[in-house]
């Protein structure tokens, strides 16, 4: 495994010695993915110095592994003609991603400098939403006609694949209007008689994606069928491109990151995820504050509930020390229920039609877990305060609070889903405030009812 610190130290020593050729040789020895890790740790001026020494192929390879922010930064700091050559070496979808992250006028300047055919294909990709199959696909696919022989196809592959630098997974069979008719694997071609017609060996029942299919559906289809690539068609079944497993891997990583951020109330819709960690500090603030304001409003409601029972707190100040305990455990078990339901909804394991079943099931789970912790809290409180009444009230409040938290945590994602609101984004802030309000109301009601007259 590469030691990044040692590599960075060595590169800096070479840069200090101004031995350009040695630095170039050192950089060329790394895989593109390793170079990306190295560039991440270099200072901006060091990154630029190293990037300028890379040959075009190596630079293009690197571009596929670094963040969009770094891509734009590096390309913007070099000669535009050289930058255009690097972009041309990228797969069409990668080139579209790079240009899509630039300012519109800058992107247009590059598109005007690119080879005409390449530029037109990239322009088409840029017309699609970046989260759809059309925005993700590579438009360069290997197509053949159904009346071609296996020998004809193999010869065609040798010429076309080399010329257009194609990714080879499957060969797609189309008619003269480019309508998708079937698909043939390379394995099938290599094991079939050379005189056999393609139409005799192709698969006509094709799993395919539509240009407007969104990323979640694309991931689901790849996970379900386990193909290395899937074709993408338009409304008229015309072949527009293909999406590979590598594309989906990147897509899955992005979706996972977005869901992790969303569950914490960090919006990647407002600010690109790359900028949250390393971009403008004000953009990071914008991404994190919207749901915090909603949480703040909810907590004001919780404060108002506590204020409503100020006479209880004045009479029995000891009850205040148990409030964080109730809120913490209630929030944790509620978050567990939310996580299970949000994940279940995203994978299809849980559906809106099964909502009642899961709510009832989680209610019993919460009741049992709440009872266990309620008994434990009762015993600890009694041993600590030597007050059985206080222990029972806190224990009962704990049981009710954890039960209610699981119900709320289970119900909330279903409710948001039915309103076409992303449960992953909104569930966390909603549950946090709701459980606090409900938990405090239950706790103080029990204290007021059962303790005030005995203590």
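The values are calculated or read from the model by the stated rules, or taken from the named source; none is laboratory data. Since we're looking at a predicted model, the values are computed, not measured. Backbone-built Cβ (ideal geometry, glycine too); neighbour counts: all protein chains shown.
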### Query
Restricting to the stretch 110-128, what's the tally of residues that are in contact (Cβ under 8 Å) with a residue 12 or more places away in the chain and touching a helix residue (DSSP H, G or I) at 6+ places or on another chain (Cβ under 7 Å)?
12
## Note on the structure
Looking across the stretch 128-154 at residues that are out of contact with any strand residue (DSSP E or B) (no Cβ under 9 Å at 6 or more places or on another chain) and modelled with pLDDT of 90 or more, the single one that is surrounded by the fewest Cβ atoms within 10 Å (Cβ to Cβ) is 151
### Query
Would you call residue 293 modelled with pLDDT of 70 or more and surrounded by 15 or more Cβ atoms within 10 Å (Cβ to Cβ)?
no
#### Entry: Which numbered condition residue 275 misses (of (1) at pLDDT 65 or above; (2) touching a helix residue (DSSP H, G or I) at 6+ places or on another chain (Cβ under 9 Å))
(1)
### Query
For the stretch 71-85, does any single residue satisfy the condition of being in contact with a helix residue (DSSP H, G or I) (Cβ under 7 Å, 6 or more places away or on another chain) and within 27 Å of residue 233 (Cβ to Cβ)?
no
### Task
Mind telling me which of the residues 160, 224, 176 ends up being out of contact with any strand residue (DSSP E or B) (no Cβ under 8 Å at 6 or more places or on another chain) and in a loop (DSSP other than H, G, I, E, B)?
176
### Summary
Checked 329, 345 against criteria (in contact (Cβ under 8 Å) with a residue 40 or more places away in the chain, farther than 17 Å from residue 405 by Cα and surrounded by 15 or more Cβ atoms within 10 Å (Cβ to Cβ)); the one match is 345
### Message
Whether any residue in the stretch 236-252 is under 18 Å from residue 143 (Cβ atoms), assigned to a loop (DSSP other than H, G, I, E, B) and within 27 Å of the chain's Cα centre (by Cα) is what I want to check.
### Response
no
#### Entry: Lone qualifier among 359, 318, 368 - being without any contact (Cβ under 8 Å) to a residue 24 or more places away in the chain and either more than 26 Å from the chain's Cα centre (by Cα) or surrounded by 14 or more Cβ atoms within 10 Å (Cβ to Cβ) (or both)
368
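The rows are residues; the columns are (1) at pLDDT below 85; (2) over 15 Å from residue 342 (Cβ atoms); (3) part of a loop (DSSP other than H, G, I, E, B).
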| position | (1), (2), (3) |
| --- | --- |
| 357 | no, yes, no |
| 366 | no, yes, no |
| 375 | no, yes, no |
| 379 | no, yes, no |
| 392 | no, yes, no |
| 401 | no, yes, no |
| 411 | no, no, no |
| 429 | yes, no, no |
| 445 | yes, yes, no |
